[in-house]
Each structure stands twice: as C-alpha cells, then as structure tokens.
Amino acid sequence: MAKIIAIDKGSIGEELGLEVGDELLGFNGEKIVDVLDYVYYDSQDAFTMNIKAKQGDVVDIEIEKEEDETLGLTLDDSVQLNPIRCKNKCLFCFVDQLPKGMRETLYVKDDDYRLSFVSGNYVTFSNIGQKELDRIAKLHLSPLYVSVHAYDKKVKTKLVSNPESAMVYEKMQFLASHSIVMHTQIVLCKDINDGEVLAETLTKLRELHPWVQTVAVIPVGLTCHRQGLYDLKQFDEKSSREVIAQVEKFNESCGGNFCWCSDEFYIKAGLDMPEYSAYGDFPQIENGVGLCAEFANSFDSALEKAKPSDKTVEVAIITGQSFKGILKGLCDTFKDKYPNVKIRICDIYNDFFGRSITVSGLVTPTDIIKQVSDMPKYTLIPSTMLREFTDSFLDGYTVPQLEEALNTKILVSQGGESLVKIIEKLTNKE
C-alpha cells in the first residue's frame, strides 16, 4: 500500500473526494508494487482503484476517464524505486575498476528493469524471473535497454559469472512476443566475445527485430585499477578495424539503422566517423554511438546562424585525448566569423583512471590541475565531465574548486550547438 501525501487541485483524485492520508492499496484487486503501477493505470481510461480511507474503510472506486487525464496523486516513499542491486561479477565491470576513496554512490551496481524503462539504464535480466517478465508485459514497460554481450551461453557465463544471465535471450524472446521494444549493447572483450561469437550474437538479435531495434558494439574500457581482476586485452588499431568492418557489413545486410560500433572504435582504428545520416535518429547516442557526428552537425548548424564579431577573446577548452582531433578541426572553422578568437585546446591525459581511458567524460580535475597552467579568462568543459544535475566531478572536485585552482571562469558546454553559442555570446558582449 502507498499513502497519499498530496492531491492536485482540479484532478480526478480531488473530484473523487480522496484525502491526504488515504492509502492506495492497488488496482483491479492487485496490490501496488511500486510507483510504476500508479503511472501505468494513471494512463489508462478504465480500471478499479482500491483505496483504504484514513478512517479505516476499504473501498473500490470504478474509474472512467480520458487517457490524458490524471488522478493527480502524490504517493509516499514506500513505492519509490529503490534500485535492485546487480548479481553479476562481470570481467569488465567498470565499478570494480574504480580507485578507492571516491563518493559511495559510484560503487553502487544496479541491475533494475524498472530503471531501464525510466532512465535508460542497461540491464542484464539476471535477477528477474517469470513474475517480473509478466509484469513488464502487463505494464508495457517499453522500451527497455538490455546488455546482451554474447548469445553463446558459455561465453556469456564467463563474461558475467552468473549462469542466470545466460538466459537473457530467452527472456528477450518472451518480451518480444509481448511487443516490448529493446535497445541492446555488446561490450566487446578481445578474444572472448568478438569474431564468430559476435557474428552469432548479432544474427540472433536480428531474429528478434523489430522488437530488438538497435545494437551498440562498444570496446571494453580498462582502467589502471585492475589489480586482481581478469587479464583483459585492449583493442588496437588492427583489431578495431576488423570489428568495424564486421559490424558495418552486418548492418548493411540488414538495410542499415540496426547495429553500430561506438565512436571509440573508430578513434582506436584511426578511421573517419560515419556520416551523420548513418545513425538514423541516434537511438544509441548515450552509448557513444554517433556522438561525434551529432556534435559536429549541431556545431556546423549553429555556426552558420551565429552572429559574427571581430572582438578579441581567448578561450580554453578542456577535453580528453579521443576527441581532441575532432574538436580542433571544428574550432579551426571559427576563424571565418570570429577571426580574433583564440582557442586553446587542453587535451588531458587520464592518469586518474589510466591512460587507456581517453574519453572526455572521465577526465577529472585531479589531472587537469596537474597538466594545465596560465589559463585564459574563460575555460569550457563538456557537461559529460559532471555528475548529472550537479557541479561535481568524478574525483569529488566541484566546478568552483576547479575555477579557484586554475584562476579561470568555467563555462559548461552541452554539445556542439552550446559550444558555438558560448563563443558567440563572449564575442558579442557589449
């Protein structure tokens, strides 16, 4: 049951005479499990709501409404989504590769199908059975985001150290039969789930199309904090090119817009990124698939519309090693509209996690402060360096602390368009 702690004015809940302190027992005679039950039924047009009034009476209320009308109830924390913890021990788990002493929340491993639906978290289905599968189908929790890694059960069990995870494909078959859309990912580990294993995995996932809509193939990320962990190998230029060729060929055979390698594979391979049009509507951009193409496209579009200026401005941009070449090429195009803008690109080596980690999102002030000095008045950083909705970096520093350490004003860029608009604003100040 869930206690009602607030009721919106003018809502159906108010019209029914519900009161703060009443308890929502469930719907259609079934006990409420969590807030997703409320969200689901709140979107339906006809159902029975089971209420226990604060005076003690239990009543069943027949609801008929428009689908876009809301009950207007706020429920207490008893039905909020407390993350289900991961039961796997993946060979490549990034959490296991974190240094000690970071904030506690970074060490939490969740594997929760509900957070997959709500937040786009990737899950393995290792800790759900038929009861949860039936609930996903009933509430139509779609789309979901699924970590597959390998179809071969022996390989999958080796990768995640949990035999239940090897049943992911059968669970996906059930969900596909109930029209649940899934986006999937394969974290590729050299000489384990690449080559023929990857070919089989892609083929089996394609058999579940259109319910399996996309696949992202991502190289395993290895930090320098792997003492006592499985000896995984890095993908080099040659092996990265082989993976790209394999995935691109399979994607072409499917007519495109099904599977892609992440941008990191192309950087490792020393190859140009695919064109912007190759990524469809960018369904896997959160996995780093098409991120560079989207950044460049939004940058170019914004620059074309930007107001020119001949004002002199010097700006530093902090980035990781993998993006420095692309960023430099884009920033060179500023000279047409902003001939007196001086861009200093500070490409940071990642000693905090290890130099094999090259993405900008894992750059920390610990390394920035050691590697740069004499900064200009303004310094840009990408929003991916910060914890969402905060000004905190992974190593515990905050934006104000970095500003003080570098004696510069930190400006946060949200992408290519944002970067252009920041430069435009600085050069057009009165």
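Residues in the stretch 3-15 that are surrounded by 15 or more Cβ atoms within 10 Å (Cβ to Cβ) and touching a Leu at 6+ places or on another chain (Cβ under 9 Å): Lys3, Ile4, Ile7, Ser11, Ile12, Gly13.
Counting only residues that are of a type outside the set (Asp, Glu), within 20 Å of the chain's Cα centre (by Cα) and not in a helix (DSSP H, G or I), the stretch 253-297 holds 13 of them.
The set of residues in the stretch 171-194 being within 12 Å of Val212 (Cα to Cα), in contact with a strand residue (DSSP E or B) (Cβ under 9 Å, 6 or more places away or on another chain) and not in a helix (DSSP H, G or I) consists of Ile180, Val181, Met182, His183, Thr184, Gln185. Within the stretch 332-357, work out how many residues are open to solvent by less than 20 Å² (accessible area, probe 1.4 Å) and in a loop (DSSP other than H, G, I, E, B). Matching residues across the stretch 332-357 total 5. Contact annotation: residue pairs with Cβ atoms under 6 Å, 6 or more positions apart or on different chains, pairing a residue in the stretch 410-423 that is in a loop (DSSP other than H, G, I, E, B) with a partner that is buried (at least 18 other Cβ atoms within 10 Å of the Cβ) and not β-branched (Val, Ile, Thr), are Gly415/Phe295; Gly415/Ser298. With the condition kept exactly as written, say whether any residue in the stretch 48-66 is more than 30 Å from His225 (Cβ to Cβ), touching a residue at least 40 places away in the same chain (Cβ under 8 Å) and not in a strand (DSSP E or B). Yes, the conditions are met somewhere in the stretch 48-66. Of the residues that sit in the stretch 358-375 and are assigned to a loop (DSSP other than H, G, I, E, B) and of a type outside the set (A, V, I, L, M), which one is least open to solvent (accessible area, probe 1.4 Å)? It comes out as Thr364.
Ser147 meets the conditions (1) closer than 30 Å to Leu229 by Cα; (2) exposed (fewer than 14 other Cβ atoms within 10 Å of the Cβ); (3) at pLDDT 95 or above in every case but one. The failed one is (2). Quickly run through the stretch 237-250 and pick out the residues that are under 18 Å from Arg206 (Cα atoms) and open to solvent by 20 Å² or more (accessible area, probe 1.4 Å). Ala245, Gln246, Glu248, Lys249, Phe250 - these are the residues of the stretch 237-250 that are under 18 Å from Arg206 (Cα atoms) and open to solvent by 20 Å² or more (accessible area, probe 1.4 Å). State yes or no: is Glu132 farther than 29 Å from Gln80 by Cβ, surrounded by fewer than 21 Cβ atoms within 10 Å (Cβ to Cβ) and acidic (Asp, Glu)? So Glu132 does not fit the description; no. For Ser301, indicate whether it is in contact (Cβ under 8 Å) with a residue 40 or more places away in the chain, small (Gly, Ala, Ser), open to solvent by 20 Å² or more (accessible area, probe 1.4 Å) and out of contact with any Lys or Arg (no Cβ under 8 Å at 6 or more places or on another chain). The answer is yes for Ser301.
For the stretch 376-407, a residue qualifies if it is among the β-branched types (Val, Ile, Thr), in contact (Cβ under 8 Å) with a residue 24 or more places away in the chain and either surrounded by fewer than 19 Cβ atoms within 10 Å (Cβ to Cβ) or more than 26 Å from Pro339 (Cβ to Cβ) (or both), and exactly one does: Thr384.
The condition of being hydrophobic (A, V, I, L, M, F, W, C), open to solvent by 30 Å² or more (accessible area, probe 1.4 Å) and touching a residue at least 40 places away in the same chain (Cβ under 8 Å) holds for only one of Leu139, Leu106, Leu175, that being Leu106. Of the residues making up the stretch 22-51, those that are over 19 Å from Ile136 (Cβ atoms) and open to solvent by 20 Å² or more (accessible area, probe 1.4 Å) number 6. Taking the criterion of being out of contact with any helix residue (DSSP H, G or I) (no Cβ under 8 Å at 6 or more places or on another chain), farther than 23 Å from Glu66 by Cβ and aliphatic (A, V, I, L, M), the residues of the stretch 1-48 that qualify are Ile5, Val20, Leu25.
The values are calculated or read from the model by the stated rules, or taken from the named source; none is laboratory data. Treat the numbers as computed from the prediction; the structure is a model and nothing was measured. Note that each Cβ is placed from the backbone with ideal geometry, even for glycine, and that neighbours are counted across all protein chains shown. Heads up: the accessible areas ignore ligands, DNA and RNA and are worked out on the full protein's heavy atoms, side chains in. Shrake-Rupley method; radii C 1.70, N 1.55, O 1.52, S 1.80 Å.
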